[in-house]
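Inspection log for the structure reproduced underneath, given as C-alpha cells.
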Amino acid sequence: MSALLVTAAPAPALRLGPVTPEAYRAFLAARSTGPDGPSFLQLPAWARVKDGWHHQLVGWGPESGELTGVALVLLRPFPGTRKCFAYLPEGPVADWAAPRLDGWLDPLLKHLRASGAFAVRIGPGPAFRRWSAATLKASTGPGRRLADVLASEVDPLGTAVAERLRARGWRRCGGESEDGADAQPRFVYQIPLTGRSSEDLWTGLNQEWRRNVRKARKSGVEITVGSAADLPAFHRLLRVTEERDGFRLGRSLAYYERQYAVLNAEHPGRMKLYLARHEGEILAAHTMITVGRRVWYQTGASADHRREVRPSNALQWRMMLDAHALGADVYDLRGVPSTLDPDDRAHGLLRWKLGTGGQVVETLGEWEIPLQGTTNHALYRAFQAYLARR
C-alpha cells in the first residue's frame, strides 16, 4: 500500500510596495473598530509631525486581492552614511494572528533593506498581559513591581507573536527588563468603555476621584475645548509640569502646533485640547487624540498653584465622558511606570490612573533586528552604542 504524500500549499504571491495616502487611509478606516484598532502613530499625518525623519507608506496583499497590511515607516538617516534606521511606531498594522507571519514580514524587511535601512524597529499590536486596578491596588508594597504580580489576563496571541519574533532573530528592546528601552510606553493604562454607561464609569472611579471631581465642580472649575490659539498656554503649563515632576519631553511649542495642525487637517477633530479654567485662569490643559473607536489622552499639563481645586481630575472626567459619547471602545491614558512601591516617586502617576478603575496593559513592546550584511550589522552595533551613551 503506497504512502500518501502530503505537501503544504504554496504561499500565495504577495504584492508589497508603496501605497497612496488614500489607499492607506481607507485600509485604516476599515479596521478602526474595537480596542485593538490602529494607533495614531501609524497615521499618514504622523509622518508630518516627526521632524528630521523621512517616511514611506507601505502596503501588501495578494496579487489579485485587496491590502491585508500597511505600515508607516519612519526613516532616520545615520550620520556620514547613506543608510538609515527604519522605525514603525506601534506598527505595522497587520494580521498578527496569520499563520504565515514570514509571508509578509520577510518581504517587508527585504523592501526596507533595498530602501537603505540597516536595522528595523517595530511595535507589534497584540497585548501581552493585563492587570486590573483592584489587583494592583492590593499589591503595592516596598520594592514591588508589576512583574511580581500574577496578571489578571495573559493574551495567548501576544505570547505567540513574541515567541515567533524571537525565533526569527528579533530582539526585544531593553531585553526582558520591565522598563525596557522602548520609544513608546511598554505599559499603558486603559479604561474599557464598551457596554458601559456614564453611571458605570462614575462608579468605576474610586472615592478619591469622585470627591475630587465634585470638588472641582463645586469650586467653579470650567472645562472647555480650546483651539490652536490656546497651545502656547498649554506649552507654558507643560514646562511647569516638567520642572515639578522631574521629566523632560523636550518638545517645543512648534512641535505641538504642527501636531495639532496636521492631525486635524487629516481628520477634523482628531486632536483636541481640553482646558480647565478657574476664576478665568487656565490651570490645566490636556490633549486628546481619536482614531476610529480608540481615544487616547496624550499629554497633560497643570499649574503649581490652586491644585486644591482639582482641575486635572475634572479634565479627565470630561474627556472620559466625551470618549464614551463618541462611541469609543477604550479610553487610553498611555504610559505608566512598572513600580508598585508607594515610596517611589514614579508610582504617583500609576496611583493617579488606578483611581479611574481601568487596567494596566503590557504591550509586546518594541523589537529590533539588524538587516543582512556586514555593514548593516556594524552600523547597528554603532547605533546601539550611541543609544547606550544617551
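The values are calculated or read from the model by the stated rules, or taken from the named source; none is laboratory data. It should be emphasised that the depicted structure is a prediction, and the values quoted were computed from it without experimental measurement. Reconstructed Cβ throughout: ideal geometry from the backbone, glycine too, with neighbour counts over all protein chains shown. SASA here: full protein model, heavy atoms, side chains in, ligands and nucleic acids out. Shrake-Rupley method; radii C 1.70, N 1.55, O 1.52, S 1.80 Å.
Every residue in the range 132-177 that is touching a helix residue (DSSP H, G or I) at 6+ places or on another chain (Cβ under 6 Å) and closer than 20 Å to L105 by Cβ, please.
Within the range 132-177, R164 is the sole residue that qualifies.
How about the range 21-76: which of its residues are assigned to a loop (DSSP other than H, G, I, E, B), of a type in the set (S, T, Y) and in contact with a Pro (Cβ under 9 Å, 6 or more places away or on another chain)?
Within the range 21-76, S32, S39, S64, T68 qualify.
Yes/no per residue for (1) free of Cβ contacts under 8 Å to residues at least 40 places away in the same chain; (2) in a strand (DSSP E or B); (3) surrounded by fewer than 20 Cβ atoms within 10 Å (Cβ to Cβ); (4) not acidic (D, E):
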residue: Q259; (1), (2), (3), (4): no, no, no, yes
residue: N264; (1), (2), (3), (4): yes, no, yes, yes
residue: L275; (1), (2), (3), (4): no, yes, no, yes
residue: I289; (1), (2), (3), (4): no, yes, no, yes
residue: Y297; (1), (2), (3), (4): yes, yes, no, yes
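Within the range 241-252, can you find the residues that are open to solvent by 50 Å² or more (accessible area, probe 1.4 Å) and either part of a helix (DSSP H, G or I) or among the β-branched types (V, I, T) (or both)?
E243, R244, D245 - these are the residues of the range 241-252 that are open to solvent by 50 Å² or more (accessible area, probe 1.4 Å) and either part of a helix (DSSP H, G or I) or among the β-branched types (V, I, T) (or both).
Among residues belonging to the range 58-92 that are open to solvent by 20 Å² or more (accessible area, probe 1.4 Å) and of a type in the set (V, I, T), point out the one that is farthest from L371 (Cα to Cα).
T68
So, restricting to strands (runs of 3 or more DSSP E) that lie completely within the range 109-209, which ones have at least 2 residues that are among the basic types (K, R)?
Correct list: 127-132.
Considering only residues that are open to solvent by 20 Å² or more (accessible area, probe 1.4 Å), outside any helix (DSSP H, G or I) and in contact with a Pro (Cβ under 9 Å, 6 or more places away or on another chain), look in the range 343-388 and name the one that is nearest to V120 (Cα to Cα).
Per the criteria, the residue is T363.
Of (1) open to solvent by 40 Å² or more (accessible area, probe 1.4 Å); (2) assigned to a helix (DSSP H, G or I); (3) not charged (D, E, K, R), S312 satisfies all except one. Which?
All conditions pass for S312, except number (1).
Could you say which residue among A285, A233 is in contact with a helix residue (DSSP H, G or I) (Cβ under 6 Å, 6 or more places away or on another chain), in contact (Cβ under 8 Å) with a residue 40 or more places away in the chain, open to solvent by less than 40 Å² (accessible area, probe 1.4 Å) and aliphatic (A, V, I, L, M)?
Being in contact with a helix residue (DSSP H, G or I) (Cβ under 6 Å, 6 or more places away or on another chain), in contact (Cβ under 8 Å) with a residue 40 or more places away in the chain, open to solvent by less than 40 Å² (accessible area, probe 1.4 Å) and aliphatic (A, V, I, L, M) holds for just one of A285, A233, which is A285.
Residue by residue through the range 318-328, note down the ones that are assigned to a helix (DSSP H, G or I) and either free of Cβ contacts under 8 Å to residues at least 12 places away in the same chain or open to solvent by 30 Å² or more (accessible area, probe 1.4 Å) (or both).
Passing the criteria: R318, L321, D322, H324, A325.
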